[in-house]
Amino acid sequence: MRKIMIAGNWKMYKTIGEASMLAEELKKELATFIEADIVICPTFTALNTVYSIVEDTPIKLGAQNLFWESEGAYTGEISPVMIKACGCEYVIIGHSERRKYFNETNETVNKRIKAALGIGLNPIICVGETLQEREADKTKAIIEEQLTGGLEGLSNEDMANSIIAYEPVWAIGTGKTATPDQAQEIHAFIRGWIKEKFSTLISENLRILYGGSVKPENSKELMGQADIDGALVGGASLKEDSFAQIAKNAV
Ligand code: PEP
């Protein structure tokens with residue numbers, strides 16, 4: 001039985017002070033909530049402070065990206081070691097905003113995933129098609145390409161420590177959500193692909209999150225689909241009441 005995961009991607013929002021306030025509120029709301037795994041992913045600058053607030057609670061910490069080298073002359077980058085030292089257990093990799101604005105490719109996604117796994121971080125690996133790709137009936141081909149490149153060389157054990165997030169790009173921050181049927185179709189496709197490339201057991205245990213304008217009003221129906229095991233939430237994770245409500249709706 002797969003445990004639901006609700007992960008909040010705070011993107012480039014919130015100063016340390018604002019992030020602390022939100023973390024304190026979430027701590028009040030979710031301190032005893034263990035029915036789902038809750039992960040919050042603040043900006044790098046707020047990671048350590050947020051960790052000191054949530055460290056004794058079931059709320060887990062994630063980063064929004066990492067660089068694959070553990071140290072060196074890479075000005076502006078943050079290494080897996082540094083992220084782990086901030087208290088993170090998770091890291092989002094290959095988010096469509098990174099692919100779109102920072103030239104992230106399936107190859108660099110693969111390097112980041114391997115670096116995360118190498119240090120014991122659980123990657124939340126994002127895949128998803130653009131509107132243009134969906135309209136051209138290329139959704140499954142694009143997802144397959146992202147999975148093939150992104151998961152290249154990963155072992156069954158690596159997959160057991162990974163989470164996949166299906167995030168149709170046209171649904172991120174747009175208010176447009178995939179219908180539960182549209183999302184379920186792609187989640188089932190991803191699980192089938194994982195089964196073929198890894199094993200039945202790995203595919204059955206793999207958590208596949210949906211992301212794209214998830215809010216309290218639509219979360220219940222989405223989470224009710226057979227292959228949707230939680231959500232990666234952007235906008236609605238920036239307020240404690242909507243994020244907590246999504247978590248409570250999901251179980
Ligand atoms: C995201 O950033 O991963 C996301 C899904 O954003 P939103 O919920 O705002 O669409």
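Throughout, read-outs are computed from the coordinates displayed, never taken from laboratory work. This structure is a prediction, so every number in the text was calculated from the model and none was measured. Quick reminder, even Gly has a Cβ in these numbers, built from the backbone with ideal geometry, and neighbours come from all protein chains shown.
Helix-only arithmetic for the chain: the sum of -39500 (n - 2.57) across DSSP H runs with n ≥ 4, divided by the residue total, places the mean residue ellipticity at 222 nm at -13000 deg cm²/dmol. Does anything in segment 201-229 have its amide N under 17 Å from the 7 Å Cα→Cβ label point of residue 140, and if so which residues? Only 227 fall inside the zone, counting backbone N under 17 Å. Each Lys and Arg contributes +1 and each Asp and Glu -1, all at the Cβ; summed about the Cα centre of segment 5-250, the dipole is approximately 220 debye. Here segment 46-69 is scanned for amide nitrogen atoms under 14 Å from the site 7 Å beyond the Cα of residue 155 along Cα-to-Cβ, giving none.
Summary of packing: across the peptides 83-92, 96-105, 230-239, the per-residue average of other C-beta atoms within 10 Å ranks them, highest first, as 230-239, 83-92, 96-105. Mean separation of Cα pairs under 8 Å and 6 or more residues apart, divided by the residue count, gives segment 5-250 a relative contact order of 19 percent. Annotation: amide H-H contacts under 5 Å for residue 59 (H modelled 1.01 Å from N, sequence separation of 5 or more, or interchain): none. The label point for residue 225 and the one for residue 31, both projected 7 Å from the Cα toward the Cβ, are 3.6 nm apart. Summing Lys and Arg as +1 and Asp and Glu as -1 over all other residues whose Cβ lies under 13 Å from the Cβ of residue 118 gives a net charge of +1.
Among 50-59, 198-207, sorting by the average number of other beta carbon atoms lying within 10 angstrom of each residue, highest first, gives 50-59, 198-207. Highest mean packing first, where packing is the average number of other Cβ atoms within 10 Å per residue, the peptides 214-220, 242-248 line up as 242-248, 214-220. Give the Debye-formula value of log10 I(q)/I(0) at each listed q (0.10, 0.15 Å⁻¹), with one equal scatterer per alpha carbon of segment 5-250, two decimals each. These q points yield log10 I(q)/I(0) values of -0.43, -1.02. Under 17 Å of direct C-alpha separation, and excluding same-chain neighbours fewer than eight residues apart, residue 100 reaches these lysines: 11.
Basic side chains Lys and Arg get +1 at the Cβ, acidic Asp and Glu get -1 at the Cβ, and with that the dipole of segment 72-133 about its Cα centre reaches some 180 debye. On a 18 Å Cα-Cα criterion, which of the cross-link pairs 3/60; 138/195; 27/60; 28/248; 3/215 come out too long? Violating the 18 Å limit, Cα to Cα: 138/195; 3/215.
With a cut-off of 12 Å between beta carbons, the residues surrounding residue 242 carry a summed charge of -2, where Lys and Arg count +1 and Asp and Glu -1. Would you give the gap between the C-alpha center of segment 176-251 and the C-alpha center of segment 84-117, rounded to a whole Å? So the two Cα centres are separated by 20 Å.
For segment 144-251, averaging the sequence separation of C-alpha pairs within contact (under 8 Å, six or more residues apart) and dividing by the residue count gives a relative contact order of 28 percent.
Of 131, 142, 177, which is farthest towards the positive pole of segment 102-177's charge dipole, taken about the Cα centre with +1 and -1 on the beta-carbons of Lys, Arg and Asp, Glu respectively? So the residue we want is 177. Taking 8 Å as the Cα distance limit and 6 or more residues as the minimum spacing, I'd like the relative contact order of segment 99-155 as a percentage. The normalised contact order for segment 99-155 reaches 43 percent.
Taking θ as phi - 60° and the Karplus parameters 6.51, -1.76 and 1.60, the scalar couplings of segment 56-70 work out to 9, 10, x, 6, 9, 10, x, 9, 9, 5, 7, 9, 7, 7, 7 Hz in sequence order, x denoting glycine and proline.
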